[in-house]
Amino acid sequence: MEIRDGQVEGRLVDPRTTALIVIDVQNGFINQHSRGVVPAIVRLVKQWRDAGAPIVFARFHNALGSPYERITGWTKLRTAREQALVSELTMYAATAAGVIDKAQSSVFTEEGVQLIRESGWSDLVLCGMDTDSCVYDSAVAAYQSGLRPWIVTDACASTGGSQYHDAALLLAARNVSPRQLVTSQDVLNQLGRQGTCA
């Protein structure tokens, strides 16, 4: 996919080489700044699944003694309720290509790298929480691994507020490419053109 005049052109979404990575859409990351993006994420997941393309869910776990606790004093995402995916996504996780449990921001854990490599994906469409942490770090890790990340700008949010979301997209445009920032409608249009992605 490429962006020209606000439109995604070129390569179509291909289920053999493209996965949707849904990052940390968990109860513990839902607040007044992030809850409004959940319907866009659910819509993207539903249509992606209906098109027969692979989906991976990531779930963040903040372990006791983690750097998040030791350095920043952040102790959320400890309980099972906080760590659970939002209820709207639970049914989709049951049939996902993978669920990555992680104690770091990026989805490029040992398990995540193995799943991506063995699946042969070259493109990762990223959505979820937080734009300025786990989504951004995953995009940069993908880029540095030679993969093509796509950040779905309206299917991401920051629990810190829109200024952090916007700052992360600004950095992604600089450090990855502005062409890799897409909207959910861009992606869904590609799925529509591809039909069943066969």
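Counting every C-alpha pair in the chain, the share spaced more than 32 angstrom apart comes to 8%.
Entry note, the chain: the mean residue ellipticity at 222 nm calculated from DSSP H runs of n ≥ 4, each adding -39500 (n - 2.57), is -10500 deg cm²/dmol after division by the residues and rounding to the nearest 500. Distance between the pseudo-spin-label points of Glu111 and Thr72 (7 Å out from Cα toward the beta carbon): 2.1 nm. Excluding ligands, DNA and RNA, the accessible surface per residue across the chain is 47 Å² with a 1.4 Å probe.
As a length-normalised measure over Cα pairs under 8 Å and 6 or more apart, the relative contact order of the chain settles at 30 percent. Here the dipole of the stretch 52-108 is about 140 debye; that uses its Cα centre as origin and unit charges on the Cβ of Lys and Arg (positive) and Asp and Glu (negative). Computed with every protein chain present, the accessible area of Val56 is close to 0 Å² [probe 1.4 Å]. Toward the positive end of the charge dipole of the stretch 4-119, with +1 on the Cβ of Lys and Arg and -1 on the Cβ of Asp and Glu, the farthest Cα among Thr109, Ser119, Ala93 is that of Ala93.
By accessible area, using a 1.4 Å probe on protein heavy atoms only, the chain has 51% of its surface on carbon and sulfur. In a reduced charge model with +1 at each Lys and Arg Cβ and -1 at each Asp and Glu Cβ, the chain shows a dipole moment near 160 debye about its Cα centre.
The values are calculated or read from the model by the stated rules, or taken from the named source; none is laboratory data. Values in this document were obtained by computation on a predicted structure and should not be read as measured data. For neighbour counting, all protein chains shown are included, and Cβ atoms are generated from backbone atoms with ideal geometry for every residue, glycine included. SASA here: full protein model, heavy atoms, side chains in, ligands and nucleic acids out. Shrake-Rupley method; radii C 1.70, N 1.55, O 1.52, S 1.80 Å.
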